[in-house]
1. Once fully extended, how much extra length lies between residue 16 and residue 102, figured as 0.36 nm per residue of separation less the alpha-carbon to alpha-carbon distance?
2. Would the stretch 89-246 count as rounded, prolate or oblate if I go by the C-alpha gyration tensor, calling it rounded below 1.5 in a/c and otherwise prolate when a/b exceeds b/c, oblate otherwise?
3. Quick one: grab the alpha carbon gyration tensor of the stretch 148-235, order the square roots of its eigenvalues as a ≥ b ≥ c, and give me rounded if a/c is under 1.5, else prolate or oblate depending on whether a/b is larger than b/c.
4. What number, in percent, do you get for the relative contact order of the stretch 1-135 if the mean sequence gap of Cα pairs under 8 Å and at least 6 apart is divided by its residue count?
5. With each run of n ≥ 4 DSSP H residues scored as -39500 (n - 2.57), what mean residue ellipticity at 222 nm is computed for the chain after dividing by its residue count and rounding to the nearest 500 deg cm²/dmol?
6. Within the stretch 209-251, find all residues whose amide N lies under 13 Å from a label point positioned 7 Å from the Cα of residue 1 along Cα-to-beta-carbon.
7. Non-local amide H neighbours of residue 70 (under 5 Å, H modeled in plane, Pro and chain starts lacking H): which ones?
8. Tell me, what ³J(HN,Hα) does each residue in the stretch 89-101 have, in order and in whole Hz, if you take phi through Karplus 6.51 cos²θ - 1.76 cosθ + 1.60 with θ = phi - 60° and put x for Gly and Pro?
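Just so it is clear, none of the values below were taken in a lab; they were calculated from the coordinates. Remember, it's a predicted structure, so these values are computed and weren't measured experimentally. Ideal geometry is used to build each Cβ from the backbone, glycine not excepted, and the neighbour counts take in all protein chains shown.
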Amino acid sequence: MVTRALVRKIPDSFTRALSAVGAASSIDPVLAREQHALYRAALRVDHEIVVEADEECPDCVFVEDTAVIVGSKAIITRPGAVTRRRETPPIADALAPYLDLVQMQEPATLDGGDVMYVNGKFYVARSARTNAEGIEMLRHWFGRDVVIPVGLPSGTLHLKCVVSPIDQQTILLADENLSPHLFPGVEILRVPREETYAANAVARSSHVVCAAEYPRTIDLLDAAGHHPHPVPTTEVRKADGSLTCQSLVWG
Ligand code: CIR
């Protein structure tokens, strides 16, 4: 099967991205683009789809939030941040040749970073970005029994800031954020609390693109038989971004 990744270029306006950490103005767009190139190479997919940047959309590199891809279907989301809503039409256009699209409608809001599919279940965070109607729409499309709403620790932007899938039976979970009991039947690789950021990684079979700044998590992945591929994240994190948020990967 052909593996594909959709990514989007970084605009100069990235320095005006939303940032709860309040550091976006110190982003170096040149360095950010260099780091993005390393990330894109690390994904090692067969086919990369690149969407041009839009200066009117400072957060447009964070494509994960604009769609949820399951099998041959893509749900085009309605992002929770009003300033991010105009990011979705070009993503829908770029996905349309490959996937069947459905569009999330008002009043639903949902960011793709709040959705994790593992062990046959969709874990969906109720967050500042994803509302009850957004979760209800996922239930409508995927089935009530397989959509599991999850509350987030205060101050956490998205579900995948604290947990991400390594394969269909394994997750990386940051300690002291979510109860491991939420994930029955799933093997948990425990990320130490002080490395919480590193719980966000992109797994492609046994190859895991992870944050370069967290040696304990890199060792943990290695010891568990995965192949860590560390990439630098100093610039995206200034806009509250991490790794899964920079791509939509399928196939
Ligand atoms: C935002 O606040 O929406 C962006 N500055 C960061 C989005 C990161 N997305 C993600 O982790 N899925």
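1. Result for the pair: 28.0 nm of gain on full extension.
2. Values: a/c = 1.61, a/b = 1.43, b/c = 1.13.
Cα axes put the stretch 89-246 in the prolate bin.
3. On the way: a/c = 1.78, a/b = 1.23, b/c = 1.45.
Since a/c reaches 1.5 but b/c is at least a/b, the shape of the stretch 148-235 is classed as oblate.
4. Rounded, it is 22 percent for the stretch 1-135.
5. -5000 deg cm²/dmol
6. Taking a point 7 Å out along Cα→Cβ of residue 1, the residues of the stretch 209-251 whose backbone N falls under 13 Å are 249-251.
7. Excluding prolines and chain starts, which carry no amide H, the hits are 75.
8. x, x, 6, 4, 4, 6, 7, 3, x, 10, 9, 7, 9
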